[in-house]
Amino acid sequence: MHVVLYTEQLMLKREETVMKAAVSIVHAVCHAGASLDSEMFHPEECSYFESLLFQRRKANFMLGRLSAKQAASVLLSEPNLRNISVETGVFGQPLLRATAAPGYQVSIAHCDNIGTAVVFPEAHPMGIDIEKINPGRIKTMESLLTMEERERIAAVRGIEEYSVLVTVSWTVKEAISKILHTGFTASSQVLEINEIRLQGGCFRSTFSHFPQYAAQSYQLGNYIFTIVAPRKTEWSMNMSRICEPFNPLFHQSYL
């Protein structure tokens, strides 16, 4: 299985402290009949993978776990990926298990053949999402917008295409819903975005009901990549380095 991988440490700068997180982006194609690499995955993970009946679920499992393991490996200085695993909580949320470094958690997302994860200290919750800008899915994404959000997006429509801003909104809501462990079972009003602005090469968003959080969203070709983190934390990513290995993949045509 050919894997394209990028992993980066994030410096989480706050007024009195600096913490570290790590983000990983992985591209891999899980072909029918494929099995997990025993050097990367624990036997229990391999067994669970084989028990899955649908190819899409197998692909998502592999992408999510591999991206989580890679991010945790860099952040926790654990070269043996078999010592890092991801379990599932009662709300379906991923739970990071690393034998040598407790106190960290993970957020996972996947789209097409791309998986991504952010590993972070439990004291500093974060959520991640990635989504393709697909005009064919805009109606679905619009269904989660409040009337106020529609008006705000229309007001900045001249800056970016409408489909880009709707996709940004979707990923921002998806990412914070992972922090809250609700997914999209929470109402659109609860997850309402207060503001989206283009600043410093990324979209920055805040929330009407969760002022303690903020989102940074990046356009990577035909994809939107978003991380939600505590609002008063300063952090950044080297987007040019990310795009180097993934550039042909990020610019695939719309489906």
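The values are calculated or read from the model by the stated rules, or taken from the named source; none is laboratory data. The structure displayed is predicted, hence computed values, not measured ones. Cβ sites come from the backbone with ideal geometry, for glycine too, and all protein chains shown count toward neighbours. All accessible areas refer to the heavy atoms of the entire protein, side chains included, with ligands and DNA or RNA removed. Shrake-Rupley method; radii C 1.70, N 1.55, O 1.52, S 1.80 Å.
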Handout entry: Residues of type aspartates and glutamates that LYS20 reaches as a straight line, Cα spacing below 13 Å, ignoring anything fewer than 8 places off in the same chain
Key = GLU8, GLU122, GLU234
Problem - For the chain: accessible area per residue (Å², 1.4 Å) - result: 48 Å²
Fill in the blank from the handout: Looking only at aspartates and glutamates whose Cα falls under 15 Å of LYS132's and that sit 8 or more positions away or on another chain, we get ASP112, GLU142, GLU161, GLU174
Fill in the blank from the handout: Percent relative contact order for the chain, counting Cα pairs under 8 Å at least six residues apart, stands at 17 percent
Fill in the blank from the handout: Contact order relative to length for segment 126-255, counting C-alpha pairs under 8 Å separated by 6 or more residues, stands in percent at 29 percent
Exercise for the section: List every residue whose amide H lies under 5 Å from the amide H of ILE193, counting only residues 5 or more places away in sequence or on a different chain, with H placed 1.01 Å from N in the peptide plane. Expected result: SER208
Exercise for the section: Just report the Cα centroid separation between segment 8-63 and segment 72-130, whole Å. Expected result: 8 Å
Practice task
Treating cross-link reach as a plain straight distance, find the lysines whose alpha-carbon is under 17 Å from the alpha-carbon of LYS139, omitting any fewer than eight places away in the same chain.
Solution key: LYS173
Completion exercise
Taking only the alpha-carbon positions of the chain as identical scatterers, the Debye log10 I(q)/I(0) at q = 0.13, 0.17 Å⁻¹ comes out as -0.81, -1.39
Problem - Share of carbon and sulfur in the accessible heavy-atom surface of segment 15-154 [1.4 Å probe, %] - result: 52 percent
Problem - Viscosity 0.890 mPa s, temperature 25 °C, Stokes-Einstein D of segment 156-236 from Kirkwood C-alpha radius, µm²/s - result: 192 µm²/s
Fill in the blank from the handout: Per 10 angstrom bin, beginning at 0 and ending with the bin that holds the maximum distance, the Cα pairs of segment 115-181 fall in percents of 20, 45, 25, 10
Problem - Theoretical gain in end-to-end length, GLU244 to PHE54 [0.36 nm per residue, Cα-Cα removed] - result: 65.2 nm
Exercise for the section: Could you order peptides 117-126, 167-176 by the average number of other Cβ atoms within 10 Å of their residues, highest first? Expected result: 167-176, 117-126
Exercise for the section: Assuming a ≥ b ≥ c are the square roots of the Cα gyration tensor eigenvalues, decide whether segment 42-133 counts as rounded (a/c under 1.5), prolate (otherwise, with a/b larger than b/c) or oblate. Expected result: oblate
Problem - Packing rank of 28-40, 103-115, where each peptide gets the mean count of other beta carbons within 10 Å, highest leading - result: 103-115, 28-40
